[in-house]
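A short worksheet on the structure shown next.
The values are calculated or read from the model by the stated rules, or taken from the named source; none is laboratory data. What you are looking at is a predicted structure, and each value in this text was computed from that prediction instead of being measured. Cβ placement follows ideal geometry from the backbone for every residue including glycine, while neighbour counts extend to all protein chains displayed. What goes into the accessible areas is simple: the full protein's heavy atoms, side chains included, and nothing from ligands, DNA or RNA. Shrake-Rupley method; radii C 1.70, N 1.55, O 1.52, S 1.80 Å.
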Amino acid sequence: MLAYALKRLVILALSLALASLVIFLVVEVAPGDPASYMLGINARPDTVAALRAELGLDLPRAERYLAWVGGMVQGDFGTSYTYRAPVSQMVAERIRVSLPLALYALTLSVVIAFPAGIFAAARRGRAGDAGVIAATQLGIAIPNFWFAMLLVLLFAVKLRWFSAGGFPGWDDPLMGLKALTLPAIALALPQAAILTRVMRSSLLDILHEDFIRTARAKGLTRRQALWRHGVRNALIPVLTIIGLQFSFLLAGAIIIEQVFFLPGLGRLIFQAITQRDLIVVESVVMLLVFAVIAVNFLTDLAYAAVDPRLRTGR
């Protein structure tokens, strides 16, 4: 298991190095000059040049890339061009919203999907199975931002059970969770629908395996064989989807954060792009890429724990 983990760590490090180069090049070739944006269209050329020198934008790209990567390795993500604040401080403030929101939405997705997928697989071809399939099709088809607006209209505007947006902080944890409930539900719905379909399909495939037939021949009912032997063996594709979902929920909640006015990482990236704050865009995107790769690494380790054959390459 240790050798397998070390091998995956090497792949993780190489992936991060390649991702940092791609992110830097893509952001650098984007049109627009941060100094010109900050000073306005009427700024004098010498003033723009002075600001570019102050921000380090006049240095060669290779030197800027190495300085950026070297700073990140040491925990220094640079200073925002617009806010003149450390990027690490800005990320720390925003991730206190985005990370709990992603975990909250993922928890809701798993809590909904696992029972629903097992229920549908155990009742294949019956009315319960058809109902679950119909519900998942609806969940996949509905855009989460549209569903979010419906939640706001119903629970915030009409029933007044929740606020329409904003985040009060974590001084009162219950109020913080309450503020994230509607956004988490909006994010969880399509993810739960996808995870339910994967769980159902994986279980149905497992039920046709030889070891399930052997268990049935020994006297287990179909439901007992499913619970005792099927669920664990069906988890590998499910773990893949859970890992991808967490990465998406952490990095892809920009629209939902805009709908609910949440000060999260998605909204920070959106604001940094509109303001041409390159160092913020590069650093935050790199952190999100690191989160995606790290989650995939942990997912690979979970694979190996569930299926020992992966550790030996058989």
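Results, tabulated for the structure shown:
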quantity	calculated
Distance (nanometres) between label positions extended 7 Å along Cα→Cβ at VAL29 and PHE261	4.0 nm
Sites matching chymotrypsin sites (Phe, Trp or Tyr not before Pro) across the stretch 27-105 that sit in DSSP coil, with at most 13 neighbouring C-beta atoms within 10 Å	none
Extension gain, PHE145 back to VAL111 (0.36 nm per residue minus Cα-Cα distance, nm)	10.1 nm
By accessible area with a 1.4 Å probe, ligands and nucleic acids excluded, highest first: order of ASP129, ASP58	ASP58, ASP129
Along principal axes, Cα extents of the stretch 103-176, largest first, whole Å	47, 24, 19
Under 28 Å from LYS178, Cα to Cα: lysines that are on another chain or at least 8 residues apart	LYS158
Degrees between helix 265-274 axis and first principal axis of the chain (Cα, 0 to 90, nearest 10)	40 degrees
Calculated from backbone phi, Karplus (6.51, -1.76, 1.60) coupling profile of the stretch 188-195 in Hz, x at Gly/Pro	6, 4, x, 5, 5, 5, 5, 5
Between 0 and 90°, nearest 10: helix 87-122 axis offset from the chain longest Cα axis	20 degrees
Cα-based helix-to-principal-axis angle, 45-55 vs the chain, degrees rounded to 10	50 degrees
Peptides ranked, highest mean first, by Cβ atoms within 10 Å: ranges 261-267, 120-126, 140-146	261-267, 120-126, 140-146
With all protein chains modelled, accessible area of GLU209 [1.4 Å, Å²]	80 Å²
Peptide ranges 283-295, 183-195, 10-22 listed from the most packed, as the mean C-beta count within 10 angstrom indicates	183-195, 283-295, 10-22
The stretch 4-131: Rg to Rh, with Rh as the Kirkwood radius over Cα pairs	1.21
Projected label distance in nm at ALA127 and LEU2, using a 7 Å step from Cα toward the beta-carbon	5.8 nm
For the stretch 54-208: Kirkwood Rh in Å [reciprocal of mean 1/r, alpha carbons]	19.0 Å
Long-range HN-HN contacts of THR79 with modeled amide H, under 5 Å	VAL87
Accessible area expressed per residue, the chain, with surrounding protein chains retained (probe 1.4 Å, Å²)	53 Å²
Segment LEU244-GLU63, length gained on full extension (0.36 nm per residue, minus Cα span)	61.8 nm
Hypothetical label at ALA164: residues of the stretch 256-272 whose amide nitrogen lies under 16 Å (7 Å Cα-Cβ projection)	258-262
